[in-house]
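Here the structure comes first, spelled out in structure tokens, and everything after it is commentary.
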Amino acid sequence: MRGLRVPRGLPFILPYLPFLILFGIAPMLYALDLAFTGADGSWSGFHNFARTFTDYRFVPAFEHILQYTGIWLGTLIVFVVGLALLLHGRANRVSSAFRFLFYMPGALAGAASVLVWLFMLDPAVSPGSFLLRVFGVDLFVKAIAPGNLPFVFAMIAFWTGAGGWIVVMYGALNTIPNELEEAARIDGAGPFTIAVRLKLPMIRKWIAYMTILSFATGTQLFIEPQLVNEASLGLVPDTWSSNQLAYQLAFRYGDFNAAAAIAVDLLVVGLLAAVLIVTRTGLFRRED
Amino acid sequence: MRITARGLRLVILTAFAVFFVVPVLWLILAPTKADGALVTSNPLSFGSFHQVALAWDHLDAYSDHIYRAWIGNSLLYACSATAIVLATAIPAGYGLALGSFPGRRLVLTLTLVVMIMPAAALVLPIFLELNSLHLIGSVFSVILPFSFFPFGVYIAYIYYATAMPRDLLDAARVDGASEWLTFRRIALPLAKPIVALVFFFSFVADWNNFFLPFAVLADSSQYPIQVGLSDLLSSTPSFNPAQGGGGQQVNIFRPELALATLLAVVPVAIVFLLSQRALVRGMLGGAVKQ
């Protein structure tokens, strides 16, 4: 009698399965298929990968996103961890007010954040125009000069995302038992020593998580350069980042196989990061 | 010594608070001033409400009220996708946490991996897939991919795996309740805070998504607000003096652009407040019952 029954729990995941398959698994498999075939659908090995790699826009695009990601990760790690440590151990009311202020720009993600920063970078209207002039920026076009872009995009990403991570790090710091800090204090450790020697190692896996996840997200950059391209009337190329290049190959040239090859490059980066997080940080380990 | 360390800490925190808050303040104040005043007056001064009304009239008149359509589209896409997410992710998390069936681990691992992967990595593959199915340009090419939200499944899974008292479920089953009835009467009501959490994350992710709708929609009347903003940006002279004439025709200058940006954020801010309330209430409710 029991053997005839539906396995327990299975019916509950049935509505979810088509979505997982259609928009999670199938797109990846289809992109792989396209990347390894020619326009006529015949097997072409690594031809599409080699072809896109030698495209004159490919290497610059990857250089751009690596520069951007490097700058962003550096500022993220230093300032998020630094600010979380500074906030931790403050009076609760002060600390929660600061956390709220840091988190607030998180509501302006996507296109909204880019638009805000286009204004902030325009010396004509920016409240920080004196700072811009210090850096020699007296015209908007100078602010978005090619050499500045990785920094500009890193700043936008930091502005919208850092607050969320500060809240996460702060939460992780709060899980450190009070007795541990107390014991260190009795042993004569100052606030700085406690922060570096005790607190930092305790939130290491969260820092690793943030770093890997942000690296993967950073390589997918699309909207920021896309909007700056529109605001600069083509001064900034529409193939600045790798995702943009893949998009242009698909849309402007109808070269879906080449677009798929770049999409697969980026997918591999994202998948590697995900596997690394699951297997190495221990944050998603469950006993089952 | 202690005083200066404390002072330094406060100075650093305040400096960062200024960095995070001033752009938001500027954005709130910008629509209260005319374009010329934005350049000449103090960047953080208040203009007048009359200017806000004027900026709204210009924005609303732009391209035959298309701004309203964009907001409506965003609401339609984010709400319908989030409804599907709630209907599929909560039961799925429950089934994965308390069920035992072949393939459970595989589904769980795939969900976890896709959840951690940046969503943008899947946009072009999804575009290529929909393109081969000739679904490009349909609203379903936005709503259906939005409806796949592995993070929601994961939240529900963690909740049911850790916080669900199994005795309660067993008791219901002993009493002869079917699997569905057990879920409907016991598991689902207990998960109210999780529903709020999943709603919040899903809605915000959909509302802020730019890349997918940008790639799969063709007609500007179908755009959600995020893509609409980029459309607006490219038709104003705010950052391109070369576009000068165009700006006069469409009457979209910096105050209008700032207002458009500000209004685009309002729904996310509202959902944020609503969900936070529901979350706190849900947790308190649970505490009282136990």
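Sort out for me the Cα centre separation of region B:71-98 from region B:9-29, rounded to whole Å.
Using only Cα atoms, the two centres lie 35 Å from each other.
Return the Rg/Rh value of region A:167-206, two decimal places, where both radii are evaluated on C-alpha atoms and Rh is the Kirkwood radius.
So for region A:167-206, dividing Rg by the Kirkwood Rh gives 0.97.
Can you give the angle from 0 to 90° between the axis of helix B:192-208 and the longest principal axis of chain B, with both taken from C-alpha atoms, to the nearest 10?
The angle comes out at about 40 degrees.
Given A:F62, A:V116, A:A274, which one lies farthest toward the positive end of the charge dipole of region A:57-281, if we put +1 on the Cβ of every Lys and Arg and -1 on the Cβ of every Asp and Glu?
A:A274
Tell me the volume per residue, in Å³, of the convex hull enclosing the alpha carbons of region A:57-281.
Values: hull volume 31.4 nm³, N = 225.
Dividing the Cα hull volume of region A:57-281 by its residue count gives 139 Å³.
Stretch A:F53-A:F192 to full length: gain in nm at 0.36 nm per residue minus the Cα-Cα span? Display every interim value, and only then the final one.
Values: separation 139, 0.36 × 139 = 50.04 nm, distance 4.79 nm.
Length difference between fully extended and current span is 45.3 nm.
Roughly how far apart, in whole Å, are the Cα centres of region A:102-143 and region B:139-177?
Result: 43 Å between the Cα centres.
When a footprinting reagent is the concern and you count Cβ atoms within 10 Å, what order do B:W180, A:W72 take, fewest first? Please report the intermediate quantities before stating the final value.
Numbers: B:W180 11, A:W72 25.
Fewest to most other Cβ atoms nearby, the residues stand as B:W180, A:W72.
Could you give the semi-axes, largest first, of the ellipsoid that matches the protein assembly as shown, computed as the square roots of 5 times the alpha carbon gyration tensor eigenvalues and rounded to whole Å?
Working: eigenvalues 292, 214, 125 Å².
Those come to 38, 33, 25 Å.
Let's see if you can work this out: charge +1 on each Lys and Arg Cβ, -1 on each Asp and Glu Cβ, no other charges. What is the dipole magnitude of region A:57-281 about its Cα centre, in debye to the nearest 20?
On the way: 13 positive and 12 negative charges, 103 e Å.
Here region A:57-281 has a charge dipole of around 500 debye.
Relative contact order for region B:1-118: what is it in percent, counting Cα pairs under 8 Å that are at least 6 residues apart? Numbers along the way, then the final one.
On the way: 33 pairs, mean separation 14.9, N = 118.
For region B:1-118, the relative contact order is 13 percent.
So what is the relative contact order for region B:28-73, in percent, with contacts set as C-alpha pairs under 8 Å and at least six apart? It would help to have the intermediate numbers written out before the result.
Values: 28 pairs, mean separation 14.9, N = 46.
For region B:28-73, the relative contact order is 32 percent.
Place a label point 7 angstrom from the Cα of B:A269 along the Cα-to-Cβ direction, then list the residues of region A:95-127 whose backbone nitrogen is under 20 Å away.
A:97-120, A:127
Which Cα, out of B:V271, A:V125, A:A183, lies furthest along the positive dipole direction of the protein assembly as shown (beta carbon charges, K/R +1, D/E -1)?
Checked the options; the winner is A:A183.
Compute the FRET efficiency between A:D40 and B:F140 as 1/(1 + (r/R0)^6), taking r as their Cβ-Cβ distance and R0 = 30 Å, and round to the nearest 0.05. Mind dumping the intermediate values first?
Working: r = 30 Å, r/R0 = 0.98.
In this case the efficiency is close to 0.50.
Any idea what the relative contact order of chain A is, in percent, if you count C-alpha pairs under 8 Å spaced at least 6 apart? Before the final figure, lay out each step's value.
Details: 283 pairs, mean separation 78.3, N = 288.
Relative contact order comes out at 27 percent.
Can you compute the charge dipole magnitude of chain B about its Cα centre, using +1 on each Lys and Arg Cβ and -1 on each Asp and Glu Cβ, nothing else charged? Give it in debye, rounded to the nearest 20. Mind dumping the intermediate values first?
Working: 16 positive and 13 negative charges, 269 e Å.
Computed about the Cα centre, the dipole is about 1300 debye.
Against the 2.2 N^0.38 Å scaling, with N counting residues, where does chain B land? I'd like the Cα-based Rg ratio to two decimal places.
Values: Rg = 24.1 Å, N = 290, 2.2 N^0.38 = 19.0 Å.
Taking N as the residue count of chain B, the ratio is 1.27.
Find the centroid of the Cα atoms in region A:14-85 and in region A:206-276, then give the distance between the two in whole Å.
First find each Cα centre; the distance between them is then 6 Å.
State which helices in chain A qualify, where a helix is a whole DSSP H run, it must extend 20 Å or more along its own axis by its Cα atoms, and its mean Kyte-Doolittle hydropathy must be at least 0.0.
Details: long enough: A:58-75 (26 Å, 0.67); A:149-174 (36 Å, 1.47); A:204-219 (23 Å, 0.45); A:256-276 (29 Å, 2.30).
Membrane-span-like by this rule: A:58-75, A:149-174, A:204-219, A:256-276.
Once both axes come from the Cα atoms, what is the angle between helix B:49-61 and the longest principal axis of chain B, in degrees from 0 to 90, rounded to 10?
The answer is roughly 80 degrees.
Using the basic label-point model (7 angstrom from Cα toward the beta carbon), what is the A:R185 to B:A171 distance in nanometres?
Placing both labels 7 Å beyond Cα along the Cβ direction yields 4.3 nm.
Only the coordinates and a few stated rules stand behind these numbers; no lab work does. The structure presented is a predicted model; accordingly, all values stated were derived computationally and were not measured. As a convention, Cβ positions derive from the backbone with ideal geometry for all residues, glycine included, and neighbour counts pool all protein chains shown.
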